[in-house]
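To keep things clear, I will list the structure first and then write my remarks on it.
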Amino acid sequence: MRLRIRVTGIVQGVGFRPFIYRIAVKNGLNGYVKNMGDAGVEILLEGNPESVNSFLKDLHEKKPPLAKICGIFTSELGGENQYEGFTIQESSASRELSGSVIPPDVAICPECLRELRDSENLRHDYFFITCTDCGPRFTIINKLPYDRENTTMQEFHMCSFCKSEYVDPLNRRFHAQTVACPKCGPKVYLTDRNGELVICKDPIREAGKLISEGHIVAIKGLGGFHVAASAIKDEPLIRLRKAKHRRQKPFALMARNLEAVKSFAEVTSSEIETLESPARPIVLLNKNEHYYLSDLVAPGLHNVGVMLPYTGLHYMLFDGVNDPAFVMTSANPPNQPIVKDDEDALRTLDEIVDYFLFHNRRIAHRCDDSVVRLHGGNLVFIRRSRGYAPAPITLKWKAKRCVLALGGELNNTACILNNEKAFLSQHIGDVENIETRNFLVEASHHLAHLTNSQIEATACDLHPKFTTTILAKEVAEKNDWRLFQVQHHYAHVAALMAEHGVTEIVGVCCDGYGYGADGEAWGGEVIFGSLDPVEFKRLAHLEPQPLLGGDLATRYPLRMAAGILHGKIDIEKVLEQNSIHFPHGAREVQLILHQLRSGHGIAKTTSCGRILDAASAILGLCYERTYEGEPAMKLESAAVKGKEVLNLTPILKGKELKTTEMMLEIYEKRKTHKTSDLAFSVHAYLAKGLAQLAIEKASENGVNAIGFSGGVACNQIMAEIMRKTVEDAGMLFLVHFRIPPGDGGLSFGQAVIAGFSRN
Ligand SMILES: [Zn+2]
Ligand SMILES: [Zn+2]
Ligand SMILES: [Zn+2]
């Protein structure tokens, strides 16, 4: 019989053609396999039916570890047999199907690591050693199909040794597009901050020594540049913080190995599994009692972000030193995407770093490290990027239209929903200026190309002034696409529903700020969500509290606290005593008091983030937010060591959970009770109160599932207390596990609402 088979999924760049070749030969079949321009593969088989059946069985059961098959489309062909033997044919640019994509970047595999360390091996000490099972993919591809000439490896011509492995069906580098060796592959070199070459025998180990000695070194990696510094010495970190204008924001670490991680952090078995997974994300780990790294790594926090080396280069950095870990932070100028080009690095980082460790392979697409946290065994994405993007999230249902969603403003991503697959872009960042806007446009185009998507609609936030909203309106008009503007918290809840495949839910959505359906500032919401038909409505929320000074109340959380406690305590005295915590001191306090008395021009918010911030200020944990989420994160860090002491009964009035009385309690007990206990009690009050509201509303609406979404859902204490309250009431509690609960998952939720709306 003669059979044409087309396979969709993640089937390019994962050793799929070599695998097909092997099982075809094993089953005595003739024909060919080739990569297609739509990221899928085409197979032609000639042989007897039993052999074909055995082939199809092998196809399902023995596929390579990184391959993911989404669809197999077979059609029987007539005519005479034409092929002798089985070959891997030259790729075709033809694009017939959608639903395929190339894989994310994959960390160096154990076999390549073994060869890296083997002094007999030709690739001994070769920093970019890879094979069909590992190495960069997403960050090197210019266009489909995934062939070497369509990647940034095209500039490197295989030597005869690499070529002999590349064409050998029995070799593990058979058709590995990234195959390279010291002779023919990318080279690495060290320069000073002006780009002048530093002559040395071993640039990577030299860079490691420089970092260990206290120098700051920019290191070119797979998806962009890192800035690396010692994690033990304070001096380089003081310098780095000053140069990057990052006073408090935690830096991520790269540890030399797992043993080193255990010396300063607690690690559970699921955390180890995640640290060592092929995606190698940054995992937030609790500092242990022996924590001995510089306090400047993650100031005021109970946890620290740690990743393990993921290329040969990273492993070699630690060879000549004893450091347990280095600080490795993304190199990006304020509010701009991670730096990926050598010229940009030299131009923008020269005042921050002392040296550059370059390699001469271009980065096609930037991709930041992913950041995750584990709540028990549950994976919580803070940032879903390298190692995960652009692998799809498969939904239970097929969308009615193909949608490109552009997300919100902060920590943004884009998302393409195509049939039942959602493809999230890599981390884009805060879309506030032209550079990040351009990055978003470019990443969206690339994603549409990679997935062969014919977009019919675009989705964005309700906020009229977001750059992404304006952009969505532009592209909708230009391409004649439908435009869906989706309320921020509805999108969060829709994302959670689609992830779990539930059609009805009562969702608790807590974050810092989202533009409400009524134009107000929402952020502590209980929402009814339905996906069939699509319908969302606000059922309840936190008590609206004054946002004294608008954005200033976000930056200086004591303003938030003052607005809440005004009329309950002698606010004049308290503010005057705390005037040093305001940038303009006593003068600012007088202005605040004036505004409080007049009550003019004070907007209100139901934001849960702002309540946590205010408590953090009242407890003296954080008076100024220097990075997103800082006051609330420091409150959680304090609460980790605390216990419930206040046992406040949540005050529910109609559609509201009151917060004023709780805040007053915290204020009054701040001197008699432990800060950690009070911090815990704030969490307990909000989590229990919101869960009770949700349970009440779910019963009224005949719904059995309650979800928790929004950036606050990354908070483990909130999530655990809410889970217990909901499960004790006999209901199902759902949290995110494949996309970020925060705004990195917003585009996905927008795409879901736009994709499943009937009209
Ligand atoms: Zn490998
Ligand atoms: Zn070579
Ligand atoms: Zn949000």
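The values are calculated or read from the model by the stated rules, or taken from the named source; none is laboratory data. The structure displayed is predicted, hence computed values, not measured ones. In this analysis, Cβ positions are derived from the backbone assuming ideal geometry, glycine residues included, and neighbour counts consider all displayed protein chains. Quick note on the areas: whole protein, heavy atoms, side chains included, nothing else; ligands and nucleic acids left out. Shrake-Rupley method; radii C 1.70, N 1.55, O 1.52, S 1.80 Å.
Taking Y146 as the residue in question, decide whether it is of a type outside the set (A, V, I, L, M) and out of contact with any His (no Cβ under 8 Å at 6 or more places or on another chain).
When the stated conditions are applied, Y146 passes them.
Are any residues in the range 170-195 closer than 22 Å to K340 by Cβ, of a type outside the set (G, A, S) and more than 16 Å from ligand 2 (Cβ to nearest atom), and if so, which ones?
Residues satisfying the conditions are Y189, L190, T191, D192, R193, N194.
Under 19 Å from the mean Cα position of the chain (by Cα) and either of a type in the set (V, I, T) or more than 28 Å from E525 (Cα to Cα) (or both): does that describe I455?
No, not satisfied.
Pull up the range 119-150, narrow it to residues that are away from ligand 2 (no atom under 16 Å from the Cβ) and of a type in the set (D, E, K, R), then point me to the one that is surrounded by the most Cβ atoms within 10 Å (Cβ to Cβ).
The qualifying residue surrounded by the most Cβ atoms within 10 Å (Cβ to Cβ) is R137.
Residues checked against (1) within 16 Å of ligand 3 (Cβ to nearest atom); (2) in a loop (DSSP other than H, G, I, E, B); (3) under 30 Å from P203 (Cβ atoms); (4) touching a His at 6+ places or on another chain (Cβ under 6 Å):
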| site | (1), (2), (3), (4) |
| --- | --- |
| T348 | no, no, yes, no |
| I363 | no, yes, yes, no |
| V372 | no, no, no, no |
| V380 | yes, no, no, no |
| S385 | no, yes, yes, yes |
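Name every residue in the range 28-58 that is of a type outside the set (A, V, I, L, M) and in contact with an Asp or Glu (Cβ under 7 Å, 6 or more places away or on another chain), in order of residue number.
Of everything in the range 28-58, those that are of a type outside the set (A, V, I, L, M) and in contact with an Asp or Glu (Cβ under 7 Å, 6 or more places away or on another chain) turn out to be N30, G31, K34, N35, D38.
Tell me the residue from E474, E535 that is in a helix (DSSP H, G or I), more than 14 Å from ligand 3 (Cβ to nearest atom) and at pLDDT 95 or above, please.
E474
Look at D511 and say whether it is in a loop (DSSP other than H, G, I, E, B), out of contact with any Lys or Arg (no Cβ under 8 Å at 6 or more places or on another chain) and under 24 Å from M560 (Cα atoms).
no
Out of all the residues in the range 611-630, which are in a loop (DSSP other than H, G, I, E, B) and farther than 24 Å from H245 by Cα?
Matches in the range 611-630: L619 only.
Could you tell me whether any residue of the range 643-661 is away from ligand 1 (no atom under 16 Å from the Cβ), polar (S, T, N, Q) and either closer than 25 Å to G749 by Cα or not assigned by TED's automatic domain parsing to the domain that holds G629 (or both)?
no
Considering every residue within the range 225-234, establish whether at least one is more than 20 Å from the chain's Cα centre (by Cα), among the β-branched types (V, I, T) and at pLDDT 95 or above.
Among the residues of the range 225-234, at least one is more than 20 Å from the chain's Cα centre (by Cα), among the β-branched types (V, I, T) and at pLDDT 95 or above, which makes the answer yes.
If I go through the range 695-717 residue by residue, how many of them are of a type in the set (G, A, S) and in contact with a helix residue (DSSP H, G or I) (Cβ under 7 Å, 6 or more places away or on another chain)?
5
Looking at the range 258-265, is at least one residue more than 30 Å from N150 (Cβ to Cβ), among the hydroxyl-bearing types (S, T, Y) and crowded, with 23+ Cβ neighbours inside 10 Å?
No - not one qualifying residue is present in the range 258-265.
Scan the range 100-107 and give yes if some residue there is more than 30 Å from L417 (Cα to Cα) and more than 15 Å from ligand 1 (Cβ to nearest atom), otherwise no.
Within the range 100-107, none of the residues are more than 30 Å from L417 (Cα to Cα) and more than 15 Å from ligand 1 (Cβ to nearest atom).
Hey, among the residues in the range 151-185 that are surrounded by fewer than 19 Cβ atoms within 10 Å (Cβ to Cβ), out of contact with any Phe, Trp or Tyr (no Cβ under 8 Å at 6 or more places or on another chain) and within 22 Å of T87 (Cα to Cα), which one's modelled with the lowest pLDDT?
L170
Scan the range 270-280 and give yes if some residue there is more than 20 Å from N332 (Cβ to Cβ), open to solvent by less than 40 Å² (accessible area, probe 1.4 Å) and in contact with a His (Cβ under 7 Å, 6 or more places away or on another chain), otherwise no.
No.
Taking the range 512-543, which residues are β-branched (V, I, T) and open to solvent by less than 30 Å² (accessible area, probe 1.4 Å)?
Once the filter is applied, which keeps residues that are β-branched (V, I, T) and open to solvent by less than 30 Å² (accessible area, probe 1.4 Å), the range 512-543 yields V526, I527.
Kindly state which helices (runs of 4 or more DSSP H) lie completely within the range 553-610 and contain at least 2 residues that are without any contact (Cβ under 8 Å) to a residue 40 or more places away in the chain and closer than 30 Å to G516 by Cα.
557-565, 585-598
Which members of the range 525-545 meet the condition of being touching a Ser or Thr at 6+ places or on another chain (Cβ under 8 Å) and either under 17 Å from I611 (Cβ atoms) or of a type in the set (A, V, I, L, M, F, W, C) (or both)?
E525, L531, V534, F536, H541, L542, E543, P544, Q545
Could you please give the count of residues in the range 107-117 that are within 16 Å of ligand 2 (Cβ to nearest atom) and open to solvent by 40 Å² or more (accessible area, probe 1.4 Å)?
0
Identify, by number, the condition in (1) open to solvent by 50 Å² or more (accessible area, probe 1.4 Å); (2) under 16 Å from R4 (Cβ atoms) that L44 doesn't meet.
Of (1) open to solvent by 50 Å² or more (accessible area, probe 1.4 Å); (2) under 16 Å from R4 (Cβ atoms), only one is false for L44: (1).
Kindly evaluate A207 against the criterion of being closer than 26 Å to L296 by Cβ, open to solvent by less than 10 Å² (accessible area, probe 1.4 Å) and modelled with pLDDT of 95 or more.
yes
Have a look at R114, R148, R123 and point out the one that is in contact (Cβ under 8 Å) with a residue 24 or more places away in the chain and within 16 Å of ligand 1 (Cβ to nearest atom).
R123
With V682, V712, V703 as the choices, which residue is β-branched (V, I, T), closer than 15 Å to I505 by Cβ and more than 16 Å from ligand 2 (Cβ to nearest atom)?
V703
With the requirement that a residue be open to solvent by less than 10 Å² (accessible area, probe 1.4 Å) and within 17 Å of the chain's Cα centre (by Cα), what does the range 716-741 give you?
Result: H736, I739, P740, P741.
Can you find a residue in the range 344-353 that is under 25 Å from T413 (Cβ atoms) and open to solvent by 10 Å² or more (accessible area, probe 1.4 Å)?
Yes.
Matching residues to (1) over 18 Å from H683 (Cα atoms); (2) of a type in the set (G, A, S); (3) open to solvent by less than 30 Å² (accessible area, probe 1.4 Å):
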| site | (1), (2), (3) |
| --- | --- |
| A553 | yes, yes, yes |
| Y556 | yes, no, yes |
| M560 | no, no, yes |
| K568 | yes, no, no |
| P583 | yes, no, no |
| E588 | yes, no, yes |
| L593 | yes, no, yes |
| T606 | no, no, yes |
| E624 | yes, no, no |
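Where the second residue is open to solvent by 20 Å² or more (accessible area, probe 1.4 Å) and part of a helix (DSSP H, G or I) and the first is more than 12 Å from ligand 3 (Cβ to nearest atom) and lies in the range 730-754, which pairs have Cβ atoms under 8 Å and are six or more apart or on separate chains?
Between residues of the range 730-754 that are more than 12 Å from ligand 3 (Cβ to nearest atom) and residues that are open to solvent by 20 Å² or more (accessible area, probe 1.4 Å) and part of a helix (DSSP H, G or I), the close pairs are M731/I695; F733/R723; F733/E727; L734/H500; V735/R723; I753/Y490.
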